[in-house]
Amino acid sequence: MELIGHFINGTLNTQHARTQPVYNPSTGEQSKEVALATKATVEEAIAAAEAAFPEWRNTPVIKRARVMFKFKELLEKNAEKICQLIGEEHGKIMHDAAGELQRGIENVEYACSAPEFLKGEFSKNVGPSIDSWSEFQPLGVVAGITPFNFPAMVPLWMFPMAIVCGNTFILKPSERDPSSTLFIAQLMKEAGLPDGVLNVVNGDKEAVDTLLLDTRVQAVSFVGSTAIAEYIYKTATASGKRCQALGGAKNHAIVMPDADLDNVVSSLLGAAFGSSGERCMALSVAVAVGDEIADQMITKLSEAMSSLKYGPYLDKNNDFGPLITAQHKAKVVGYINSAEEQGANIVVDGRDAAPVGYENGFYVGATLIDQVTADMTSYKEEIFGPVLQVIRVSTMQEAMNLIDNHEYGNGTCIYTRDGEAARYFSDNIKVGMVGVNIPLPVPVAYHSFGGWKRSLFGDLYAYGPDGARFYTRRKTITQRWPSANVREGAQFSMPTLN
Ligand code: NAD
């Protein structure tokens, strides 16, 4: 069986003390094994990144950007293979994998503009013959730890930006679907990146903890579940590192009585069930304002859901694929069971999903649950499956209070034709990314991505302008070249210009 290894100092190796199975979720069969890095292997990667840093830091930024141009070309040229690897190990349908990859490529495109965004700030004559400027220097060796649900896009949020800013990088992908990430990293070498600038270590907690505690690592970016994000943030910052840790979500859509219901239904289908709901921006709760719109929405949704198709990743006609593992499937089914036990109404039930010929795959069909209340476990926790829950409220303010009181604050959306209501909502809601008649308001690569509350630990959002700030350190230099015949006396008060 193929053993997926690491990419350290420009070379693949399969050093390990332990391994873990990698599955094809579409069939439920084990397809590969992944090597889990030991502390020593991670330290080897850190040493390679540290050795590569001085030269890479001093490489002119236009040359670093040219590697990104070439890398973008290679990603496009190899798109089919990358999507195939994503589909095989994650289970998402090829067209969805292509969308993920394209959103990742857009981050590489943004990284190509580094000569522009790293230009710094300059002020002439801040005092007599004194000039001052700020520049943005790389941090050194930085690390990224990524989740299973976007094995191409989330790594591409991180390392192109970090590397174009002059850092060297160690990536620890999800051990559940590591092949596409490992392949993409090797394309950076083909694009001309010197060995040691980008390293990939596969592994679990042992590898992550080594990255968090090693003093040579200056910063850590993390994307994953909230429990782990909080641990990563606390541990990394306690060891003196800069850290941004993006966590889980519970994204609500408010459906106002004046909303265009056909539009609501079609966009909820994609936003709730696309990628099997395994997206941190998946819309998993529809909050209907008034029973009338709730009843109409449930009727239309159940009708539309009967024609949804799910199955293996290779069949382009499928709307969504399986969940990532058998354990995760059991967890999602457990949440549906708990909603039923706690009094909710299962309107469309996906628990018995078993596509013909793929009965052992990790499938859950699209599920619709009505009469959900805020005290139910399925509402309080992130399900991360193809499950849409409906909560009924009487007013928009009640809907907003519900969202504001939830521990997560990643994304949200309002469906309405009322501009005033939409403006009030987007101005006041305590959530980091807001859509108005847009179900998945994922910011484009030249903005930045992040949630509020327990969906993000740290001060800066991921990628875009905030990404550039995260991976650089400002230095401000103030300079004067005194001429030989100008001498200043000692000055003891704070220098000012009067
Ligand atoms: P996860 O937290 O299980 O794993 C994420 C990473 O952390 C993996 O690389 C994993 O190896 C590592 N990890 C797991 N357990 C660890 C431990 N005990 N100690 C140290 N490291 C550990 O997340 P996942 O299941 O891979 O991804 C799904 C989660 O990610 C969901 O909660 C989803 O909302 C979230 N997510 C958030 C965003 C965002 O931008 N906010 C984006 C994508 C996914």
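Is it fair to say T168 is surrounded by 24 or more Cβ atoms within 10 Å (Cβ to Cβ) and closer than 18 Å to L36 by Cα? No; evaluated as a whole, the condition is false for this residue.
This table checks each residue for (1) in contact (Cβ under 8 Å) with a residue 60 or more places away in the chain; (2) buried (at least 19 other Cβ atoms within 10 Å of the Cβ); (3) within 11 Å of the ligand (Cβ to nearest atom).
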site	(1), (2), (3)
S132	yes, no, no
S174	no, yes, yes
S179	yes, yes, no
A219	yes, yes, no
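The single condition among (1) surrounded by fewer than 21 Cβ atoms within 10 Å (Cβ to Cβ); (2) of a type outside the set (D, E); (3) out of contact with any strand residue (DSSP E or B) (no Cβ under 6 Å at 6 or more places or on another chain) that F136 does not satisfy is (3).
State the number of residues belonging to segment 207-217 that are more than 11 Å from the ligand (Cβ to nearest atom) and assigned to a helix (DSSP H, G or I).
Within segment 207-217, the first condition is being more than 11 Å from the ligand (Cβ to nearest atom), and the residues that meet it are 213-217.
Now restrict to residues that are assigned to a helix (DSSP H, G or I): 213.
Of the residues in segment 207-217, 1 are more than 11 Å from the ligand (Cβ to nearest atom) and assigned to a helix (DSSP H, G or I).
On the stretch given as segment 149-168, residues that are over 17 Å from the mean Cα position of the chain (by Cα) and either within 12 Å of the ligand (Cβ to nearest atom) or not small (G, A, S) (or both) total 5. Among the numbered conditions (1) within 30 Å of G277 (Cα to Cα); (2) without any contact (Cβ under 8 Å) to a residue 40 or more places away in the chain, the only one that L74 does not meet is (2). Among the residues of segment 181-192, those that are surrounded by 24 or more Cβ atoms within 10 Å (Cβ to Cβ) and away from the ligand (no atom under 12 Å from the Cβ) comprise I184, M188.
In segment 373-395, which residues are surrounded by 17 or more Cβ atoms within 10 Å (Cβ to Cβ) and assigned to a loop (DSSP other than H, G, I, E, B)? Lay out the reasoning, then the answer.
Filtering segment 373-395 for residues surrounded by 17 or more Cβ atoms within 10 Å (Cβ to Cβ) gives 376, 378-379, 382-393.
Listed by number, the residues that qualify are M376, E382, I383, F384, G385, P386.
Return yes or no: is A152 crowded, with 18+ Cβ neighbours inside 10 Å, in the same structural domain as L212 (by TED's automatic domain parsing) and of a type in the set (G, A, S)?
Working: crowded, with 18+ Cβ neighbours inside 10 Å: yes; in the same structural domain as L212 (by TED's automatic domain parsing): yes; of a type in the set (G, A, S): yes.
Yes; evaluated as a whole, the condition is true for this residue.
Of all residues in segment 53-70, at least one satisfies being without any contact (Cβ under 8 Å) to a residue 12 or more places away in the chain and closer than 21 Å to L187 by Cβ.
I need a count of the residues in segment 131-181 that are in a helix (DSSP H, G or I) and within 19 Å of Y461 (Cα to Cα). Before you say what the answer is, go through the steps one by one.
Residues of segment 131-181 in a helix (DSSP H, G or I): 153-164, 179-181.
Imposing the further condition that a residue be within 19 Å of Y461 (Cα to Cα) reduces the set to 153-164.
The total comes to 12.
Just one of the listed residues (G144, G203) is of a type in the set (G, A, S), within 16 Å of the ligand (Cβ to nearest atom) and closer than 29 Å to E29 by Cβ, and it is G203.
Of the numbered criteria (1) assigned to a loop (DSSP other than H, G, I, E, B); (2) near the ligand (Cβ under 10 Å from one of its atoms); (3) not hydrophobic (A, V, I, L, M, F, W, C), the one Y231 fails is (1).
The values are calculated or read from the model by the stated rules, or taken from the named source; none is laboratory data. This structure is a prediction, so every number in the text was calculated from the model and none was measured. Heads up, the Cβs are rebuilt from the backbone with ideal geometry, glycines too, and the neighbour counts pull from every protein chain shown.
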